[in-house]
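Below: one structure, written as structure tokens.
Read-outs: derived from the displayed coordinates by stated rules, not from any lab. Just so it is clear, the model here is predicted, and its values are computed rather than measured. Cβ placement follows ideal geometry from the backbone for every residue including glycine, while neighbour counts extend to all protein chains displayed.
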Amino acid sequence: MKKMCYAEEDYSFLLFLFTIFINIFCIFYVVSELSTSKQDLYSYIGILCILFIIDIFYCMILYKNTIKNRIKYAKIKKEGTKYQGIITSFNYDSYTNWYMDTATKEYFAYTLNIAYGDNSIFKTPIIAFNPINDLGSKECDIYVYNSQVYATGFKKRKIGENIIWDENDESVRKATRRKKIYFEQNKEGIIIAGVFICAVVGIVIYQIISNFFIK
């Protein structure tokens, strides 16, 4: 589920979950090996220590900026002045991610324009959700601390609710067309990725059950 926040304070939950999953699998494997053989205990402990050190280093690199931004925004929210914000419009810019794709694909970065206070308008940093499909209300919270502004409290659209934007708006129609085109171009990859993830999870669960529950 997408988090209703800025992209710079978000993190990939699936990637984090996958990392934890791999660690748990390694621990179960080591325990299983030690229970069925007389392998050297210290060699396994060494392998686990190396794994944990790599994980810590990986998390520090991956989530360093996210943690810093969360601390910064938490301070603004705690010490700043709160206003009622009204989302007036959204913007999006297209870009290509050469690091993620071998072929160029079009991605979109969304920002919001929010009115608050005495005719003030705040343009957010890039957000971590699609404002057309995910927003359930134009109301949000604005916190102002010194010259820093932070928007939060975005409400997620519930299943079955209509979008909050005019469906005849050209930006909405363009984004809807883009979503259909993206799915058509990538549906095979989406299906393969889903099958692969289910297969990996199934294999790991089978190994755990076989080693610990089936004698």
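Just a few scattered comments:
- Measuring against 28 Å, Cα to Cα, the residue pairs K3/K123; K77/K158; K82/K155; K75/K156; K75/K158 contain K75/K158 as the ones spanning a longer distance.
- Estimated FRET transfer efficiency (K77, D55; beta-carbon r; R0 30 Å; 0.05): 0.50
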